[in-house]
Amino acid sequence: MSESDKHQGHKETAADPGAETGAETDTDGVLAEVGPRLRRIRKERGATLAGLSSATGISVSTLSRLESGLRKPSLELLLPIARAHQVPLDELVGAPQVGDPRIRVAKPIVMHGRTHWPLTRQPGGLQAYKVLEPQRKLEPEPRTHEGYEWLYVLSGRLRLVLGEHDVVLGAGEAAEFDTRVPHWFGSTGEGPVEFLSLFGRQGERMHVRARPKKRGEDD
């Protein structure tokens, strides 16, 4: 092979440095979001680091470093975590459906007898869930935590205890509140209730535009 042929071949196979940099940046961005996503999924399932360590064989310190972003995720670590949480691997990685705005509803999460369907893709910020509360009669146990929550009832009747208030929301009704106020919500005992929940851990408020009343409508 002549020197000119070698040179030509080299030019054809040389990579574009700018393209490599862009790909690395995209990859770094995806990997940076894995840790917060692992923490969110674990907490949604009510699991502790010790419990997850026991289920996966991964040390507590390694799991903690993964969630804080101090340990780079790998298949060797993510596969057992995905099996323990019973979620697809791509849900842990959070790879978006390029060009498709539709939300691929993840496998429902059952916590305390209530079924949740996550409706948001990214960790952090506002999180949306579709929730199904079965028919049951429970004694309210109000609690407090940081954040702000918005509820919208799709069907059935939802009982909400908030501070000194004890109200029932029907289909089409909504409520929003600071979760630092003692609160509890659940079935009225009359039947199942289906509702949407939007929750901001950092206290983000939901801005909902109400339909203006027409002249002559009752207040």
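The values are calculated or read from the model by the stated rules, or taken from the named source; none is laboratory data. As the structure is a computational prediction, the values presented were derived from the model and not from experiment. Ideal geometry is used to build each Cβ from the backbone, glycine not excepted, and the neighbour counts take in all protein chains shown. Only protein heavy atoms, including side chains, enter the accessible area calculation; ligands, DNA and RNA are left aside. Shrake-Rupley method; radii C 1.70, N 1.55, O 1.52, S 1.80 Å.
A few notes on this one:
- Residue-wise HN-Hα couplings along segment 169-185, as the Karplus relation 6.51 cos²θ - 1.76 cosθ + 1.60 with θ = phi - 60° gives them from phi, are 9, x, 4, x, 9, 9, 9, 9, 6, 7, 6, 7, 7, x, 8, 7, 8 Hz; Gly and Pro carry x.
- Solvent-accessible surface (1.4 angstrom probe) belonging to ASP90, in square angstrom, nearest 10: 90
- The string of couplings for segment 151-168 from the Karplus curve (6.51, -1.76, 1.60, θ = phi - 60°) is 10, 9, 7, 8, 7, x, 10, 10, 8, 10, 10, 9, x, 8, 9, 9, 10, 10 Hz, one whole number per residue in order, with x for Gly and Pro.
- Using θ = phi - 60° and Karplus 6.51 cos²θ - 1.76 cosθ + 1.60, couplings along segment 136-144 (whole Hz; Gly, Pro as x): 6, 10, 10, 7, x, 10, x, 9, 10
- Taking amide H atoms as placed 1.01 Å from N in the peptide plane, the amide H of GLU173 lies under 5 Å from those of VAL153, each 5 or more residues away in sequence or on another chain.
- Pairwise FRET efficiency - GLU146 versus LEU119, Cβ, R0 = 25 Å, nearest 0.05: 0.70
- The charge dipole of segment 139-193, taken about its Cα centre with unit charges on the Cβ of Lys, Arg, Asp and Glu (plus for the first two, minus for the last two), comes to roughly 120 debye.
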